[in-house]
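The values are calculated or read from the model by the stated rules, or taken from the named source; none is laboratory data. The shown structure was predicted, so the numbers you read here are calculated from the model rather than taken from an experiment. Here Cβ is always computed from backbone atoms with ideal geometry, including for glycine, and neighbour counts include all displayed protein chains. When the accessible area is computed, the model is the full protein with side chains, heavy atoms only, and any ligands, DNA or RNA have been set aside. Shrake-Rupley method; radii C 1.70, N 1.55, O 1.52, S 1.80 Å.
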Amino acid sequence: ADGERKIALRRAAAGRVPESVRTADKKAVQYGTYVSRELDRLARRAGFKRRMDDHVGRYLDELLSDG
């Protein structure tokens, strides 16, 4: 809308990340950045095993609920 991209992402991030991060120009995250691998590692370290259904999603939900 009006040249602003990723509006839903920005709204979801409100109050959860610093304003400077939330309003920064966004670029697509490619799988080559290893973000998904790092999230998987962090989730497993926190006790969310791969055999669990959507272990990374559950990990992120827990992080956000602690907020």
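In the chain, if every C-alpha pair distance is counted and binned at 10 Å from zero, what percent goes to each bin?
18, 38, 36, 8, 1
Nearest 10 degrees, 0 to 90: what angle lies between the long axis of helix 35-45 and the longest principal axis of the chain (Cα atoms)?
Between the helix axis and the principal axis of the chain, the angle is about 40 degrees.
Please give, to one decimal in nm, the separation of the simple spin-label points placed at Leu63 and Asp25, each 7 Å out from Cα toward the Cβ.
Going from the Leu63 label point to the Asp25 one covers 2.6 nm.
Could you look at the chain and say what percent of its accessible area is carbon and sulfur, using a 1.4 Å probe and all protein chains?
Solvent-exposed carbon and sulfur of the chain make up 51 percent of the total.
Tell me the angle of helix 55-66 to the major Cα principal axis of the chain, expressed in degrees between 0 and 90 and rounded to the nearest ten.
60 degrees
How far apart, in nanometres, would the label points at Tyr34 and Arg11 be if each is projected 7 angstrom from Cα along the Cα-to-Cβ direction?
3.5 nm
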